[in-house]
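Beneath this line is the structure, given in structure tokens, with notes to follow.
The values are calculated or read from the model by the stated rules, or taken from the named source; none is laboratory data. Because the structure is predicted, anything quoted here is derived from the model rather than measured. With ideal geometry, Cβ positions are generated from the backbone for all residues, glycine too; neighbour counts draw on all protein chains shown. Ligands, DNA and RNA are excluded from the accessible area calculation, which covers all protein heavy atoms including side chains. Shrake-Rupley method; radii C 1.70, N 1.55, O 1.52, S 1.80 Å.
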Amino acid sequence: MTKILEPAKELNISGSFDTVVVGGGFAGVAAALAAARGGNKVLLCERVFMLGGLGTAGLVTIYLPLCDGRGHQVSFGIAEELLKVSIQDGYEDRYPKPWLEGGTLEEKAAQRYLVRYNAAACAIAYEKLLLDEGVKILYGTTVCDTIVEDGVITHLIVENKSGRSAIACGNVIDCSGDADVARFAGEETAQYGRGNILAAWYYHTDEEGNKLQMLGFSDVNIEKGSKRVGENEAMVNKRRYAGLEAEEITDFVISSHRSTYNHYLLGKPLSNTHMLTSIATIPQVRMTRGLKGDYWMTREDNHKYMEDSVGMFSDWHGKGDGSVYEVPFRALHGSKIKNLAAAGRTIAADDMMWDLTRVIPVCSVTGEAAGTAAALAKNFTDVDIKSLQKKLEDNGVMLHKNWEVE
Ligand SMILES: Cc1cc2nc3c(=O)[nH]c(=O)nc-3n(C[C@H](O)[C@H](O)[C@H](O)COP(=O)(O)OP(=O)(O)OC[C@H]3O[C@@H](n4cnc5c(N)ncnc54)[C@H](O)[C@@H]3O)c2cc1C
């Protein structure tokens, strides 16, 4: 590739914040909320014009379980708050009655604590939640570089309708889903080795109303031989996408649109009962790049006690097998860039573990942990773990399980 030297130019400093959260998916919403509640002046930069990321603009409208499948709740705090807010104006077709209306252990074991929500209503509700807590939101704002001095990010470079400017920051939480900030700043990152299968989840109407079509499953569902893999034949064992380069991600989106067309529109004209109602407005890639972190989570961590646990999550698959993972704070930051933490699908985990850590409840758990830490110390490497854990527990987070494993 031939190169050109971009002339240096002065930038306006368009703001100064204690904490800047990059990306407004579920991780970013949780992080901004926690940092603001901790007393910080918080900015959330989001490149599209709504909150929720893959969980709204990406049409992934299933808030996977907060429980272990054996009747025990595992994820608490903001993870549970965001689940409840996502259905405050009504839910789609899953309502976890035993969990929300006081069921027995047996009833809870029989129905996992998950919901399906309306993407648009959820995005609007989260926006209000953040504004009410004093978070400043800048939409249409892409963070495209960092200025780093002595291992600390002093400014983020952003581009938006006003042009290019710098934002001064005390600390930064990378919730971009792709560890963009970590890469710009020179923190250690890792790329997902297996690549993403094509996905084309879309909404459509039929006689029963507006419905989610889940076209394109995860690797694990395919490997487990899910009976719905047949319906997804067109997506399976085809090209894999890393999801990190402009041309490749454009190919992904175009193929996704084409799959939706072939699946829903080909040969059947639109009508009142046959309407394509929404397609995703951000690419539906599951795993791209993550932090290397000071701890690398693996499936071996199941039921492992973590001294620096900042919350828990379960295995989301099926009825649940009782698995419980504690998230070590070390998986949320590296040691090169002191004032940078990651939350959401970019926390440090290996390829197999990523399939568990990438889902919405874990994004909310890790967002809350990073946001709470951001309000306790400027540098994440200086956070006093006991103080962080106390603050999280005071806010209702359970750090270690208090039941016997069957
Ligand atoms: C096809 C598919 C099906 C899935 N199914 C489920 C499911 O059923 N249930 C479930 O719980 N999870 C599911 N997941 C996973 C889950 O949806 C996501 O992993 C999770 O929502 C990620 O949240 P996040 O906040 O970490 O990142 P994202 O949702 O990716 O949010 C990142 C945000 O950052 C913004 N951004 C990115 N770069 C920048 C930048 N440089 N500057 C500013 N903003 C930036 C993006 O626009 C985006 O809004 C699925 C994922 C896919 C792709």
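Structural remarks
A quick yes/no check of all residues on (1) open to solvent by 80 Å² or more (accessible area, probe 1.4 Å); (2) at pLDDT 95 or above:
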site	(1), (2)
GLY209	no, no
MET214	no, no
PHE217	no, no
VAL236	no, no
THR250	no, yes
ARG258	yes, no
TYR264	no, no
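- TYR305 vs. criteria assigned by TED's automatic domain parsing to the domain that holds LEU376, among the aromatic types (Phe, Trp, Tyr) and open to solvent by less than 50 Å² (accessible area, probe 1.4 Å): no
- The residue pairs whose first member lies in the stretch 37-66 and is without any contact (Cβ under 8 Å) to a residue 12 or more places away in the chain and at positive phi, whose second member is near the ligand (Cβ under 8 Å from one of its atoms) and open to solvent by 10 Å² or more (accessible area, probe 1.4 Å), and whose beta carbons are closer than 6 Å, counting only pairs six or more residues apart or on different chains, do not exist in this structure.
- From the list ALA343, ALA377, ALA369, the lone residue that is of a type in the set (A, V, I, L, M) and surrounded by fewer than 24 Cβ atoms within 10 Å (Cβ to Cβ) is ALA377.
Per-residue answers, yes or no, for (1) under 27 Å from VAL324 (Cβ atoms); (2) of a type in the set (Asp, Glu); (3) in a helix (DSSP H, G or I); (4) away from the ligand (no atom under 12 Å from the Cβ):
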position: ALA27; (1), (2), (3), (4): yes, no, yes, no
position: VAL48; (1), (2), (3), (4): no, no, no, no
position: GLY71; (1), (2), (3), (4): yes, no, no, yes
position: SER75; (1), (2), (3), (4): yes, no, no, no
position: ASP93; (1), (2), (3), (4): no, yes, no, yes
position: PRO98; (1), (2), (3), (4): yes, no, yes, yes
position: GLY103; (1), (2), (3), (4): yes, no, no, yes
position: GLU107; (1), (2), (3), (4): yes, yes, yes, yes
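- For the stretch 310-317, the count of residues that are of a type in the set (Phe, Trp, Tyr), away from the ligand (no atom under 14 Å from the Cβ), under 20 Å from the mean Cα position of the chain (by Cα) and open to solvent by 10 Å² or more (accessible area, probe 1.4 Å) is zero.
Per-residue answers, yes or no, for (1) free of Cβ contacts under 8 Å to residues at least 24 places away in the same chain; (2) more than 19 Å from ALA280 (Cβ to Cβ); (3) open to solvent by 10 Å² or more (accessible area, probe 1.4 Å); (4) assigned to a loop (DSSP other than H, G, I, E, B):
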{"site": "TYR126", "(1), (2), (3), (4)": "no, no, no, no"}
{"site": "ASP145", "(1), (2), (3), (4)": "no, yes, yes, no"}
{"site": "VAL158", "(1), (2), (3), (4)": "no, yes, no, no"}
{"site": "CYS169", "(1), (2), (3), (4)": "no, yes, yes, no"}
{"site": "ILE173", "(1), (2), (3), (4)": "no, yes, no, no"}
{"site": "SER176", "(1), (2), (3), (4)": "no, no, yes, yes"}
{"site": "ARG183", "(1), (2), (3), (4)": "no, yes, yes, no"}
{"site": "GLY193", "(1), (2), (3), (4)": "no, yes, yes, yes"}
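- Only listed residue being within 24 Å of MET287 (Cβ to Cβ) and open to solvent by 20 Å² or more (accessible area, probe 1.4 Å), chosen from VAL60, VAL29, VAL74: VAL60
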